[in-house]
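Contents: one structure, followed by commentary.
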Amino acid sequence: MNEQSDSPAQDWSAEGYARNARFVAELGEPVVDWLAPKPGERVLDVGCGDGALTASIVARGADVVGVDSSLSLVEAARARGIDARVMDVYALPFRQEFDAGFSNAALHWMREPDLALANIARALKPRGRFVGEMGAQGNVAAISTAILAVLRAHGIDGEARWPWYFPTPAEYAERLETHGFVVLRMELIPRPTPLPTGMRGWLDTFANPFLAGVNDDERGAILEEVTSLLAPSLRGRAGAWTADYVRLRFAAQLER
Ligand code: BEZ
């Protein structure tokens with residue numbers, strides 16, 4: 001899931017991901033519905049993570065290959081019986097092999113979207129479909145602004161470490177078309193997302209690219225400050241946290 005080539009590496013742990021981010025796969029089921037995989041179809045799951053959602057595509061009868069750059073997550077996917085491979089989306093080797101491509105909550109880690117889309121398009125058979133969901137412009141805006149503000153107070157340039165790509169629908173549609181796709185459907189979905197392990201659990205799993213090289217004490221202090229800055233806006237009265245997610249969901253098909 002960590003595909004950014006020009007920013008600090010995300011250090012995924014399958015165990016931490018399972019604890020703090022199970023909701024990612026659970027909320028991804030509607031994206032599988034958009035894919036509507038058919039028995040026997042070959043599907044490429046780009047950024048398959050620990051395979052929790054890949055398993056749902058497999059359960060619908062498709063023959064799925066999952067790729068992810070994290071060994072820890074790929075091992076977790078393999079433990080579910082998934083054909084998962086450690087692979088960089090910027091170096092995908094596939095040529096016209098898959099009936100469909102799929103991606104949930106991974107494309108926003110790919111800061112070179114054109115290279116990713118070119119490789120995904122090349123992996124698909126003629127008229128192949130590509131269905132995905134990612135963060136859109138404005139995704140985690142409050143969370144990321146708090147991170148940047150606290151890092152600045154600690155003398156760290158958070159913008160230089162920015163790890164995500166959150167496009168507008170118009171921008172991503174244009175990119176899809178540039179790579180030969182026709183956009184069949186695209187939706188911008190504001191989706192305040194409950195965080196089962198709170199803001200600290202979310203930050204521990206997803207904010208690592210901002211904290212590379214920061215020692216443990218300062219890291220702990222930064223994350224505490226970010227959490228307390230966000231509490232008035234994202235923590236409810238009963239103490240439950242919600243992340244300010246905005247999704248971009250699309251279904252596209254190669255024109256030829
Ligand atoms: C997301 O799924 O939108 C997301 C996950 C981690 C970091 C940023 C965004």
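The values are calculated or read from the model by the stated rules, or taken from the named source; none is laboratory data. Fair warning: this is a prediction, and the values are worked out from it, not measured in the lab. Here the Cβ is made from the backbone with ideal geometry for all residues, glycine too, and neighbour counts use every protein chain on show.
What the table below lists for this structure:
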quantity	calculated
Selected residue [farther than 21 Å from residue 19 by Cα, of a type in the set (Phe, Trp, Tyr) and in contact (Cβ under 8 Å) with a residue 40 or more places away in the chain] from 202, 162	162
Flag for residue 49 being of a type in the set (Gly, Ala, Ser), farther than 26 Å from residue 158 by Cα, at pLDDT 95 or above and not in a helix (DSSP H, G or I)	no
Of all residues in the range 242-256 being more than 14 Å from the ligand (Cβ to nearest atom) and among the hydrophobic types (A, V, I, L, M, F, W, C), the one that is farthest from residue 33 (Cα to Cα)	254
Test: residue in the range 146-156 that is over 24 Å from residue 246 (Cα atoms), without any contact (Cβ under 8 Å) to a residue 40 or more places away in the chain and buried (at least 19 other Cβ atoms within 10 Å of the Cβ)	no
Residue satisfying all of: in the range 176-197; surrounded by 16 or more Cβ atoms within 10 Å (Cβ to Cβ) and outside any strand (DSSP E or B); farthest from the ligand (Cβ to nearest atom) among these	180
Test: residue 213 is in a loop (DSSP other than H, G, I, E, B) and either of a type in the set (Gly, Ala, Ser) or in contact with a Cys (Cβ under 7 Å, 6 or more places away or on another chain) (or both)	yes
Filter result for residue 85 (among the basic types (Lys, Arg) and either free of Cβ contacts under 8 Å to residues at least 24 places away in the same chain or in contact with a helix residue (DSSP H, G or I) (Cβ under 6 Å, 6 or more places away or on another chain) (or both))	yes
Hits in the range 205-217 - residues which are within 12 Å of the ligand (Cβ to nearest atom) and either in contact with a strand residue (DSSP E or B) (Cβ under 7 Å, 6 or more places away or on another chain) or within 20 Å of residue 15 (Cα to Cα) (or both)	205, 206, 207, 208, 209
